[in-house]
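Report on the following structure.
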Amino acid sequence: MGNVPEAEKSTFVEDVAEICHEVNRAYCECLGDISHLPWDLSPEWVKSSAKSGVHYFLAHQEGTPEELHNSWLEHKAKEGWQYGPVKDGEAKTHPCCVPYGELPIEQRAKDHIFRAIVKTLARRELGWCEGR
């Protein structure tokens with residue numbers, strides 16, 4: 001993030017992760033999934049995952065939604081997560097622990113939305129060029 005002080009980077013990442021989480025939560029509610037908690041009530045593994053996604057796009061400004069998903073899969077695997085038909089934080093299972101191409105379009109849309117939010121806020125707050 002260039003010459004941005006560490007404390008400011010941390011605040012930016014946290015803020016963007018929260019926005020991405022809340023937009024994702026609203027999107028999921030539109031799909032009938034009311035399982036997502038508000039950011040302030042979410043467990044740390046949820047917040048960590050969102051922050052990891054923000055860090056990914058800050059480091060890979062041209063990253064694609066598929067690359068974000070692959071980064072998310074890697075992050076989850078390192079934490080011991082695997083595929084399961086139901087998202088379960090205790091069992092560490094998640095239905096999206098599959099290759100990007102196997103995700104339903106509704107799930108792929110989340111990666112596009114996440115990317116758009118990070119890029120827009122980075123452009124506004126960090127001065128990223130429009131082409132990024």
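Once the stretch 39-63 is narrowed to residues that are closer than 19 Å to residue 123 by Cβ and touching a residue at least 40 places away in the same chain (Cβ under 8 Å), the residue that is surrounded by the fewest Cβ atoms within 10 Å (Cβ to Cβ) is 62. Could you tell me whether residue 128 is over 16 Å from residue 17 (Cα atoms), buried (at least 16 other Cβ atoms within 10 Å of the Cβ) and not small (Gly, Ala, Ser)? Yes. The number of residues in the stretch 90-111 that are touching a helix residue (DSSP H, G or I) at 6+ places or on another chain (Cβ under 9 Å), surrounded by 13 or more Cβ atoms within 10 Å (Cβ to Cβ) and not aliphatic (A, V, I, L, M) comes to 10. In the stretch 67-80 there is no residue that is surrounded by 13 or more Cβ atoms within 10 Å (Cβ to Cβ), part of a loop (DSSP other than H, G, I, E, B) and of a type in the set (Gly, Ala, Ser).
Readers should treat all values here as calculations from the given coordinates under stated rules, not as data from a laboratory. Worth saying up front: this structure is predicted, and the values here are computed from it rather than measured. In this analysis, Cβ positions are derived from the backbone assuming ideal geometry, glycine residues included, and neighbour counts consider all displayed protein chains.
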